[in-house]
Each structure stands twice: as structure tokens, then as C-alpha cells.
Amino acid sequence: MAGSRIKLELSRVVQGESRLGVLKGLGRTGQHCLEVPGCLLYSHLGTVPHLTQDTLHTLKNIPAVTQVTLSSVAEHQEVLQEFKGGFKKFAGLHDTVVYCSLHDPAALCPPGYTTNKTVSVWGSGGRIELTVAKFMAIQKTIQPDWYQSMADGETWQSNTSRKRLRKSVDRTLAHLDECLTIHQNSQDLQGVEVFGVVEGGDILEERARSARETAKRPVAGFCLDGFQTGSMDQTLRTQLIKAIAKELPEDKPRLLQGVGRPDEVLACVEAGVDLFEGFFPFQVTERGCALSFSFDISLDPERAGRAPPAVLELNDDETCRAGEGQPNGEVTDGDQTQMTSFEINLKDKRYHDDFRPLVEGCGCYCCVNHQRAYLHHLLVTNELLAGVLLMIHNTAHYIGFFSTLREALANDKLDLLKRRQVILIATSFSVTVTPDGFESAALSHLGMESKHPRVKINMTLIWLQE
Amino acid sequence: MASLAQRKTLCVASPLTLRIVAECPVTKARACDLILPHSAVSTPVFMPVGTQGTLKGITVDQLDGLGCQICLGNTYHLGMRPGPDLIEKANGLHGFMNWKKNLLTDSGGFQMVSLVELSEVNEEGVKFKSPYDGKEILLSPEKSISIQNSLGSDIMMQLDDVVSSTVTGPRVEEAMHRSIRWLDRCIAANKNPDKQNLFAIIQGGLNADLRKACLDEMTQRNVPGFAIGGLSGGEEKDDFWRMVTLSTDHLPREKPRYLMGVGYAVDLVVCVALGCDMFDCVFPTRTARFGSALVPWGSLQVKHKQYAKDFQPIDPDCPCPTCKRHSRAYLHALFKSDTSAMHHITIHNIAYQLTLMRSVRQSIVDGRFPEFIRSFMKQMFPSPDQYPSWAVDALASVNVTLE
């Protein structure tokens with residue numbers, strides 16, 4: 001099969017694992033590129049949630065790749081068939097690369113519907129069962145620039161048996177082979193790239209096997225499935241991703257599915273991931289929150305050197321928000337809908353007369369034109385504009401985070417910051433209130449148990465909470 | 001004998017200038033430039049409604065991009081949440097929502113009719129039971145104007161005693177007289193007559209004598225503009241247009257006439273012919289959220305199955321951002337996936353309304369408004385026998401004969 005047009009040009013590999021570079025040759029004419037580590041633009045049927053093209057284009061540095069999901073597109077197969085022009089044209093997307101994933105990372109699928117030959121997606125009208133044949137037929141009507149091959153990823157539940165995990169690896173490989181056969185014989189899919197999917201749950205050997213076998217196939221890159229936020233803790237995730245990375249070619253991109261929280265992104269970049277799905281800003285928006293964590297890697301000695309005195313003091317008021325909705329302080333750090341410490345909850349009364357922008361210095365449309373008090377009002381009165389403005393801000397903030405991440409990798413900020421011994425604090429934690437009223441926090445790990453005694457984290461970003 | 005209110009308004013310059021650019025020689029229509037504190041407004045004008053300090057789902061930039069020069073906010077809602085004090089701190093409603101052009105605020109009076117279970121009226125004002133916390137609030141003329149002063153709108157409406165247009169009997173007369181007394185109280189209460197324009201609202205229900213009496217009294221007050229109220233509430237169209245034309249017959253030529261609550265395309269065109277300059281209605285934006293797109297030949301229910309494979313834009317001749325990029329089929333599909341589908345239709349519907357009014361205005365300026373009316377009706381209805389009879393009668397009354 002002809003070589004893939006997608007090329008990953010790495011400019012740096014830090015500590016043998018974190019990679020910095022550019023993914024080139026994207027799109028039918030190969031003219032688009034995406035810097036890595038980077039995120040995709042999350043969409044519902046090609047539209048960034050809440051936004052029209054006008055509001056979307058108030059953003060700078062929009063990721064060049066838009067992710068569409070079969071869960072939103074599959075039910076429109078007939079329409080696309082009749083349209084004949086492919087999904088991009090159908091959705092009015094003029095200047096973007098379209099990547100088609102199987103599932104929507106922001107919507108958990110009910111388990112129990114995968115078989116040897118089928119997987120299911122849920123559209124607005126209910127469950128749609130896909131065989132490889134149907135899956136590929138839909139891809140032909142979509143004509144994405146690239147897509148992930150059909151995969152059995154129903155392994156994110158804890159306590160999935162080894163036997164089930166082995167099956168998921170086998171099935172996924174079988175689906176991949178079938179997809180590739182159809183792909184190679186299809187005129188319609190000429191120039192379209194395929195990513196293989198690495199499965200295997202939480203079993204290292206299965207993960208390695210899946211990666212090794214998938215790498216033998218002529219795919220343009222790799223999706224890492226079954227690592228969704230909440231499926232396992234970060235230490236294990238890091239360990240497994242590193243093991244997978246060992247089996248994968250260096251020059252092909254790795255896309256991690258279902259992980260979007262900034263701390264997890266950071267840890268996974270360190271483990272060797274290049275691309276992430278950009279759904280986190282949407283989740284934050286849906287709970288009426290605004291991303292507000294600082295990713296300032298300024299060289300101001302005062303700022304950089306001032307390690308937060310104690311985790312308990314950090315986050316202060318914000319911690320109270322994180323535990324909201326958990327009456328007995330249950331720790332549910334796996335719940336994707338739980339508010340994290342990276343955001344502020346604008347519904348809170350304290351913002352009703354706060355006339356500052358969401359984030360000082362943020363140049364997004366929302367921060368330039370509006371204030372917290374106004375957003376608070378929109379949320380309290382259930383106004384649609386709240387979603388529009390928050391989506392703009394949260395997307396801008398998230399894009400900025402990735403940009404800074406790349407900058408940190410590029411500019412040797414590591415040494416300087418290592419010396420200052422700033423510790424990466426950003427964590428998401430639930431708050432438990434013990435009977436004596438003392439607030440404690442349960443930290444979710446970030447690979448702080450690194451083997452390296454001298455260096456806690458090889459990238460330092462300070463989360464400044466207000 | 002000039003009352004205190006009248007003497008007060010005579011001393012202060014009005015922050016409103018109306019320049020009549022053209023008058024239709026056939027109908028009672030006018031095209032004007034309405035100069036308000038934040039910008040000029042070309043009339044006839046349709047004003048979209050942004051009840052709670054936002055047009056649902058649309059940013060102020062998008063609204064500005066569509067050519068909107070004035071939109072509405074609501075005193076009752078904003079008075080409840082977030083409250084006048086907070087908005088004042090935010091530099092008024094303009095500052096709070098960051099809208100740089102004009103704002104008109106309704107007094108809260110209409111909520112008396114729409115939320116009637118929650119209200120009770122007496123000479124003092126309207127007692128509301130807040131739906132949010134059950135507290136009782138008294139909305140008096142003074143309170144309404146005080147809130148509107150805090151909101152800082154370019155045009156404020158008097159608090160009127162609103163009665164549903166389907167009500168008959170002595171209540172209508174009582175409400176009409178009270179509205180006059182409340183107008184005087186509103187004028188006296190206005191702290192910013194040099195920056196904010198207070199409009200009177202003509203009441204009197206569907207009773208010609210009561211309307212006339214109200215007109216006679218209210219036009220003696222020196223207010224910068226007049227609204228025609230108490231209509232557009234479910235009454236027969238045959239009664240509706242007669243009250244509109246009676247009102248414009250007795251309102252001063254050199255002041256703007258604002259017909260409240262009217263927004264259907266046919267109603268707009270006819271009432272411009274009857275002499276109205278300004279209109280507001282939630283209909284275009286509300287119906288958008290249900291997937292109903294307004295077009296010159298009626299409306300299109302985008303969510304209906306028949307559009308699933310319709311790859312044309314909503315209106316091939318429409319220059320709005322929605323029609324320039326998206327098809328009916330895509331919007332139909334998008335309604336199943338994301339709220340932005342509503343925003344696309346909202347943008348289109350506002351564009352439709354504003355474009356309609358722009359075309360109306362241009363035809364008046366060009367001296368061909370009657371022709372415009374005829375071709376508008378032809379486009380809107382499949383055949384002349386489908387023309388609504390009230391519209392035919394109303395237009396005939398201003399010398400426009402449809403086939």
C-alpha cells in the first residue's frame with residue numbers, strides 16, 4: 001500500500017519520551033499541519049458546540065483538525081449518500097481537516113453491546129449497530145481526511161477480565177484488517193488515512209501485543225483506546241502508555257482518546273502521547289464553569305520560586321466548589337462531569353458583582369467583551385449565550401495551554417524550573433469533610449512517583465488559583 | 001393648565017430627534033432617521049427582543065453585524081435578576097451586556113397580562129409575587145422608572161395599566177384613565193430626561209371612544225414619542241388594524257409611533273402603511289428556537305423530515321451568515337446534535353426581519369411603497385384569494401388596492 005502522506009516531524013524528544021514536533025501532510029491536498037503535542041477541535045456533527053462560524057472564528061490558532069464522531073454522523077448516512085459531496089461540504093467546513101472517530105469522548109456508551117462482528121454507537125434516534133462493512137460504507141459517504149478503524153474499546157470498566165481484554169485486542173485487529181482491505185479497494189477512500197487502535201485495558205502484555213500487532217499494519221498513526229479519564233489512575237496509565245510507545249514506530253503519531261484534563265494531558269505527553277481529543281473545554285462549559293488555571297511559565301523568580309505552601313492552602317475557596325454535589329464527600333475523581341480545580345464555577349454567588357473578565361489577560365472574545373458578573377447572570381437565568389461565551393473562552397484557554405506546553409518542551413524551561421523546584425500541583429481532587437470539620441484532599445497522581453529522585457516532574461507549570 | 005409633569009418636561013431638551021426623510025404620498029407610511037443617544041436608527045424599524053440582557057444565543061457582535069441599531073430589554077425580568085443596583089454598577093444595561101447601540105426597555109407592564117396569576121393591580125401599582133422566591137414586589141410607576149433609570153436605556157416606556165385586548169367592560173376604561181395618571185407619575189419620576197426618552201403608551205382596548213380619549217389626553221403631555229399599546233394580544237385582526245389607524249390619525253406627525261408586540265411580516269408591512277415607525281416582537285427569535293425559519297413566502301420548519309435531504313440554503317437570496325454557509329439539510333441534522341442549530345436560525349430570522357424593514361424603508365424613500373406592498377403580498381401568499389381580508393381592508397383604507 002502506498003506510504004502515508006501524513007508525516008510526523010519531530011523536533012525534540014525530551015527524556016526519551018515527550019515529543020515535540022509537527023504533523024504534516026494533513027488533508028487531501030496535504031497542505032495542513034498540526035503542532036504536537038496538540039489537541040483536535042471537538043465538534044458535534046462538525047460544529048463546535050454552541051458556536052457558529054462567526055463566533056468560532058473569534059478564536060486564534062484554532063486546531064487545524066476537526067474531530068467528528070460516528071455517534072453524531074452515522075444516522076445521517078442516507079443523507080450523505082444522496083448528497084454525494086462528503087461530510088465536509090455537507091457541514092459547510094471549508095478549511096479544516098476532518099478526523100472521524102468512532103465514539104464521542106464526552107458521552108459514555110452503555111456497555112454490553114459489542115459483539116465479535118459489531119460495535120454500536122448511539123445517535124439521536126437510538127443505537128446503531130455497525131459491522132465493518134457498514135462502518136466502511138459510512139466512511140465512504142463521509143470522506144474524512146482520516147479516521148480510526150473500527151475497534152472494540154469496551155474495556156474501560158474496572159475489573160474487565162483478562163479474557164475479555166484479550167478478545168478486545170483480537171477483535172480490534174481483525175476489524176482493522178477488514179477495514180484496511182476494504183479501504184485499499186475503495187476508490188472513494190483514496191488519499192484518506194487510517195489510524196489503528198491499541199486496546200488491551202489495564203493489562204501490560206495485552207497492551208504491548210496490541211501495539212506490536214497494530215504497528216505491523218500499514219496505518220498512518222495510532223489511537224490509544226480504553227484510557228478514558230476515570231478508567232484508571234494516572235500512574236497506571238503512564239506505565240501502560242510507555243509500554244505501548246516502546247512498540248510503536250517513532251515517526252507515527254499517537255492519539256490518546258478520552259483524556260482531556262490538563263494534569264492528565266501533561267502526564268501523558270511525558271509518556272509519549274502526541275494528540276488529544278479536545279472535548280474537555282466542552283465539558284467545562286456544560287457545567288457552567290470557566291477554565292481559569294494559569295499555565296504561566298514566566299521566568300519571574302519571585303513567582304516561579306514561590307512554591308505553594310501546602311496543597312490545602314492552594315485552592316482555598318475553589319476547593320469547596322470541587323466537592324459540590326457530593327453530599328458525604330465521596331471521592332469520585334473518576335467522574336468526568338465533576339468540576340475540577342482548573343475552573344471556576346460561575347454560578348456561584350460570589351461572582352454576581354465581580355466585574356473582572358473570566359481570566360485577566362485572556363484575549364478571547366468573552367474576556368475582552370464581558371465580565372464574570374454578566375456570565376453569572378446568564379447562567380442563573382439559563383440564557384443560551386452563556387454556553388456560547390463559555391465555549392469560546394474555554395476553547396481559547398485550552399488552546400493556549402497546549403501552546404505553552406509546546407513552548408516549555410521547546411525552550412528548555414525545564415532546567416530553570418527544575419532548579420526552582422517548583423512542583424506541579426495541578427490535580428483534581430475531591431474534598432472530604434471529616435467529622436471534625438478539617439478539610440483534607442485526596443490527590444490524584446501525576447507520575448510524581450517518577451523513578452528519578454532529583455526531578456519530580458520534568459515540566460513545571462504553576463496552577464495559580466484565585 | 002400645565003401639570004407639574006408637563007411643566008417639567010417643557011424645560012428640558014429631549015435626547016431624541018426625528019427627521020422625516022420621506023412620506024408615502026399614497027399611504028400613511030414614513031421613512032425617518034431617529035437620532036438617539038447611542039446612534040441613529042433608520043425607521044421603519046423592527047427591534048429584536050433581548051429580554052434578560054441578551055438576545056438568546058447571539059453575541060452583541062453578531063447582532064451588530066446584522067445591522068441592528070436598537071433592541072429591547074425588559075424591566076420586570078432585569079429588575080428581578082440581576083436587579084437595578086448591580087446593573088447600575090456595571091454602567092447600565094449597555095455596560096452590562098456590552099451593547100454599544102440603542103436600548104429600549106419595556107416597563108414591566110406587559111408582564112401583568114402575561115403573568116396574570118402572579119399579579120394584582122391597584123392605583124399604587126402592580127403587585128407581583130416573584131416566581132423565584134415568592135416575595136411580593138410592588139411595581140409602581142416610580143419603581144419602574146427608577147429601574148429603567150438604572151438600566152440607562154435610550155427609550156423607556158411608561159408603566160401602563162395593561163388589560164388584555166380580549167377583556168371588555170369597565171375594566172378597560174379604568175385602565176385607560178389610570179394609564180394617563182401613571183404617565184404623569186412616570187414623567188415626574190424620570191431622573192434623566194436629558195439622556196433617556198420616556199414614551200407614553202396609548203391604551204383604550206378595542207373601544208374607539210376610549211382610544212380617542214386616551215389620545216387626546218396623552219398627546220397633551222410633552223413626551224418624545226408614543227407607543228400604541230394594548231393590542232397584539234389575541235384580538236380579532238379586524239379590530240386590531242382599526243385601532244392602529246385610529247391611533248396614528250391622532251398622534252403627532254413629528255414624533256415616532258411605536259406599535260408594541262407586532263412582528264409578523266404581514267402585520268409589519270400593513271402597519272407601516274398605517275403610519276407606524278417602530279415595532280418589537282419576540283416571535284421571530286422565539287420561533288427560530290423551534291426550528292422555524294422566516295422566508296418571503298412564509299416559513300420553513302427546518303426540523304421537519306422533508307428538509308432532511310434538502311441541500312439548498314433556507315433562502316437562496318438571503319445574504320445572512322447562515323444562508324451563506326449552510327443548507328436546510330445540515331441545519332435539520334444539526335438540530336439533533338447541538339444547540340447551535342437554534343442560533344443559526346435566530347441569526348437568519350433577525351436578518352430576515354431587518355432586511356424586510358430595510359426594503360420597506362427604501363421603497364418609501366424611492367416613492368414606490370404601494371408597489372412594494374403588492375409584490376410583497378404576492379410573494380407571501382400563493383394566490384390573491386388567500387390574502388387575509390383584514391390586511392386587504394386595512395390597505396384599502398390607506399388607498400392601496402391589492403388585486
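So how many residues does segment A:52-72 have that are within 19 Å of the chain's Cα centre (by Cα) and either within 28 Å of A:Ser4 (Cα to Cα) or buried (at least 23 other Cβ atoms within 10 Å of the Cβ) (or both)?
Qualifying residue count for the region: 12.
Out of segment A:120-137, which residues are within 14 Å of another protein chain (Cβ to nearest Cβ) and surrounded by 14 or more Cβ atoms within 10 Å (Cβ to Cβ)?
A:Val121, A:Trp122, A:Gly123, A:Ile128
For segment B:155-181, name all the residues that are touching a strand residue (DSSP E or B) at 6+ places or on another chain (Cβ under 6 Å) and farther than 15 Å from B:Glu217 by Cβ.
Within segment B:155-181, B:Ile155, B:Met156, B:Met157 meet the criteria.
When you go through B:Lys135, B:Lys127, B:Lys143 one by one, which is the residue that is among the basic types (Lys, Arg), more than 20 Å from B:Leu104 (Cβ to Cβ), assigned by the TED database to the domain that holds B:Leu93 and crowded, with 16+ Cβ neighbours inside 10 Å? So that I can check it myself, show each step before the final result.
Working: B:Lys135 fails: crowded, with 16+ Cβ neighbours inside 10 Å; B:Lys143 fails: more than 20 Å from B:Leu104 (Cβ to Cβ).
Sole residue among the options that is among the basic types (Lys, Arg), more than 20 Å from B:Leu104 (Cβ to Cβ), assigned by the TED database to the domain that holds B:Leu93 and crowded, with 16+ Cβ neighbours inside 10 Å: B:Lys127.
Considering only segment A:100-119, I want to know if a residue exists there that is under 30 Å from B:Cys323 (Cα atoms), assigned to a strand (DSSP E or B) and within 14 Å of chain B (Cβ to nearest Cβ).
No; the residues of segment A:100-119 include none that is under 30 Å from B:Cys323 (Cα atoms), assigned to a strand (DSSP E or B) and within 14 Å of chain B (Cβ to nearest Cβ).
Closer than 22 Å to A:Phe402 by Cα, more than 10 Å from chain B (Cβ to nearest Cβ), buried (at least 22 other Cβ atoms within 10 Å of the Cβ) and among the β-branched types (Val, Ile, Thr): is that true of A:Val48 in this structure? Show your work before the answer.
Values: closer than 22 Å to A:Phe402 by Cα: yes; more than 10 Å from chain B (Cβ to nearest Cβ): no; buried (at least 22 other Cβ atoms within 10 Å of the Cβ): yes; among the β-branched types (Val, Ile, Thr): yes.
So A:Val48 does not fit the description; no.
If you go through segment B:296-303 one residue at a time, do you hit one that is farther than 30 Å from B:Glu254 by Cα, of a type in the set (A, V, I, L, M, F, W, C) and within 12 Å of chain A (Cβ to nearest Cβ)?
Step one: filter segment B:296-303 for residues farther than 30 Å from B:Glu254 by Cα, giving B:296-303.
Now drop any that are not of a type in the set (A, V, I, L, M, F, W, C), which leaves B:297, B:300, B:302.
Next, only the ones that are within 12 Å of chain A (Cβ to nearest Cβ) stay: none.
No, segment B:296-303 contains no residue that is farther than 30 Å from B:Glu254 by Cα, of a type in the set (A, V, I, L, M, F, W, C) and within 12 Å of chain A (Cβ to nearest Cβ).
At least 1 residues that are of a type outside the set (Val, Ile, Thr), farther than 30 Å from B:Glu23 by Cβ and within 11 Å of chain A (Cβ to nearest Cβ) in each: list the helices (runs of 4 or more DSSP H) lying fully within segment B:318-386 that qualify.
Values: elements: B:321-325, B:328-334, B:340-365, B:369-380.
Fully inside segment B:318-386 and qualifying: B:321-325, B:328-334, B:340-365.
Test B:Ile35 against the stated conditions and say whether it is at pLDDT 95 or above, among the aliphatic types (A, V, I, L, M) and in contact with a Ser or Thr (Cβ under 8 Å, 6 or more places away or on another chain). If you could, list the steps in order and put the result at the bottom.
Details: at pLDDT 95 or above: yes; among the aliphatic types (A, V, I, L, M): yes; in contact with a Ser or Thr (Cβ under 8 Å, 6 or more places away or on another chain): yes.
The answer is yes for B:Ile35.
From A:Glu17, A:Glu75, A:Glu82, grab the single residue that is surrounded by fewer than 18 Cβ atoms within 10 Å (Cβ to Cβ), facing chain B (nearest Cβ under 9 Å) and not small (Gly, Ala, Ser). Outline the logic, then answer.
On the way: A:Glu17 fails: facing chain B (nearest Cβ under 9 Å); A:Glu75 fails: surrounded by fewer than 18 Cβ atoms within 10 Å (Cβ to Cβ).
One residue alone meets the criteria, A:Glu82.
Out of all the residues in segment B:97-109, is one or more closer than 26 Å to B:Ser179 by Cβ and in a helix (DSSP H, G or I)?
First pass over segment B:97-109, keeping only residues closer than 26 Å to B:Ser179 by Cβ: B:102-109.
Remaining after also requiring in a helix (DSSP H, G or I): none.
No, every residue in segment B:97-109 fails to be closer than 26 Å to B:Ser179 by Cβ and in a helix (DSSP H, G or I).
Can you tell me how many residues within segment B:80-96 are in a loop (DSSP other than H, G, I, E, B) and buried (at least 21 other Cβ atoms within 10 Å of the Cβ)?
Our first condition is that a residue be in a loop (DSSP other than H, G, I, E, B); within segment B:80-96, this holds for B:81-83, B:90-91.
Cutting the leftovers down to buried (at least 21 other Cβ atoms within 10 Å of the Cβ) gives us B:82, B:90.
Summing the residues that are in a loop (DSSP other than H, G, I, E, B) and buried (at least 21 other Cβ atoms within 10 Å of the Cβ) in segment B:80-96 gives 2.
Within segment B:257-274, track down each residue that is part of a loop (DSSP other than H, G, I, E, B) and within 13 Å of the chain's Cα centre (by Cα).
Filtering segment B:257-274 for residues part of a loop (DSSP other than H, G, I, E, B) gives B:260-264, B:274.
The answer is B:Met260, B:Gly261, B:Val262, B:Gly263, B:Tyr264.
Report, ordered by the first and then the second residue, all pairs with beta carbons closer than 8 Å, sequence separation of six or more or different chains, a first member in segment B:375-395 that is more than 18 Å from B:Leu356 (Cβ to Cβ), and a second member that is of a type in the set (Phe, Trp, Tyr) and at pLDDT 95 or above.
From segment B:375-395, the pairs are B:Trp390/B:Phe240; B:Trp390/B:Trp241; B:Asp393/B:Trp241.
From (1) buried (at least 21 other Cβ atoms within 10 Å of the Cβ); (2) modelled with pLDDT of 95 or more; (3) closer than 23 Å to A:Leu378 by Cβ; (4) in contact with a Ser or Thr (Cβ under 9 Å, 6 or more places away or on another chain), pick out the condition that doesn't hold for B:Thr75.
(2)
Tell me yes or no: at least one residue of segment A:23-43 is crowded, with 23+ Cβ neighbours inside 10 Å, without any contact (Cβ under 8 Å) to a residue 60 or more places away in the chain and within 14 Å of chain B (Cβ to nearest Cβ).
For segment A:23-43, residues crowded, with 23+ Cβ neighbours inside 10 Å, without any contact (Cβ under 8 Å) to a residue 60 or more places away in the chain and within 14 Å of chain B (Cβ to nearest Cβ): present.
Could you look through segment B:77-110, keep only residues that are farther than 20 Å from B:Leu63 by Cβ and under 16 Å from the mean Cα position of the chain (by Cα), and pick out the one that is nearest to the other protein chains (Cβ to nearest Cβ)? Steps first, please.
In the first step, residues of segment B:77-110 are kept if they are farther than 20 Å from B:Leu63 by Cβ; the result is B:79-86, B:88-89, B:107-110.
Cutting the leftovers down to under 16 Å from the mean Cα position of the chain (by Cα) gives us B:107-110.
Numbers: B:Ser107: 20, B:Gly108: 16, B:Gly109: 21, B:Phe110: 18 Å.
Of everything passing the filter in segment B:77-110, B:Gly108 is nearest to the other protein chains (Cβ to nearest Cβ).
B:Asp133 is checked against (1) at pLDDT 95 or above; (2) farther than 22 Å from B:Asn190 by Cα and fails just one. What number does that condition carry?
Of (1) at pLDDT 95 or above; (2) farther than 22 Å from B:Asn190 by Cα, only one is false for B:Asp133: (1).
With the requirement that a residue be outside any strand (DSSP E or B), crowded, with 24+ Cβ neighbours inside 10 Å and on the phi < 0 side of the Ramachandran plot, what does segment B:197-210 give you?
Of everything in segment B:197-210, just one residue is outside any strand (DSSP E or B), crowded, with 24+ Cβ neighbours inside 10 Å and on the phi < 0 side of the Ramachandran plot, namely B:Gln203.
Tally time: how many residues in segment A:373-387 are under 23 Å from A:Ser294 (Cβ atoms), without any contact (Cβ under 8 Å) to a residue 40 or more places away in the chain and more than 7 Å from chain B (Cβ to nearest Cβ)?
Total meeting the criteria: 1.
Out of the residues in segment A:352-371 that are outside any loop (DSSP other than H, G, I, E, B) and within 11 Å of chain B (Cβ to nearest Cβ), which is surrounded by the fewest Cβ atoms within 10 Å (Cβ to Cβ)?
My answer is A:Val368.
If a residue must be in contact (Cβ under 8 Å) with a residue 40 or more places away in the chain, surrounded by fewer than 23 Cβ atoms within 10 Å (Cβ to Cβ) and in a loop (DSSP other than H, G, I, E, B), how many such residues does segment A:190-218 contain?
6
Taking segment B:305-317 only, how many residues are more than 9 Å from chain A (Cβ to nearest Cβ) and surrounded by fewer than 24 Cβ atoms within 10 Å (Cβ to Cβ)?
Of segment B:305-317, the ones more than 9 Å from chain A (Cβ to nearest Cβ) are B:305-307, B:310, B:312-317.
From the residues that got through so far, the ones that are surrounded by fewer than 24 Cβ atoms within 10 Å (Cβ to Cβ) too are B:305-307, B:310, B:312-313, B:315-317.
Residues flagged as more than 9 Å from chain A (Cβ to nearest Cβ) and surrounded by fewer than 24 Cβ atoms within 10 Å (Cβ to Cβ) within segment B:305-317 amount to 9.
Within the group B:Asp267, B:Asp280, B:Asp315, which residue is in contact (Cβ under 8 Å) with a residue 60 or more places away in the chain and of a type in the set (Asp, Glu)? Write out each step before concluding.
Working: B:Asp267 fails: in contact (Cβ under 8 Å) with a residue 60 or more places away in the chain; B:Asp315 fails: in contact (Cβ under 8 Å) with a residue 60 or more places away in the chain.
The conditions single out B:Asp280.
Quickly run through segment B:48-69 and pick out the residues that are surrounded by fewer than 24 Cβ atoms within 10 Å (Cβ to Cβ), away from chain A (no Cβ under 11 Å), in contact with a strand residue (DSSP E or B) (Cβ under 6 Å, 6 or more places away or on another chain) and assigned to a loop (DSSP other than H, G, I, E, B).
Once the filter is applied, which keeps residues that are surrounded by fewer than 24 Cβ atoms within 10 Å (Cβ to Cβ), away from chain A (no Cβ under 11 Å), in contact with a strand residue (DSSP E or B) (Cβ under 6 Å, 6 or more places away or on another chain) and assigned to a loop (DSSP other than H, G, I, E, B), segment B:48-69 yields only B:Gln69.
The values are calculated or read from the model by the stated rules, or taken from the named source; none is laboratory data. All values derive from a computational prediction rather than experimental measurement. With ideal geometry, Cβ positions are generated from the backbone for all residues, glycine too; neighbour counts draw on all protein chains shown.
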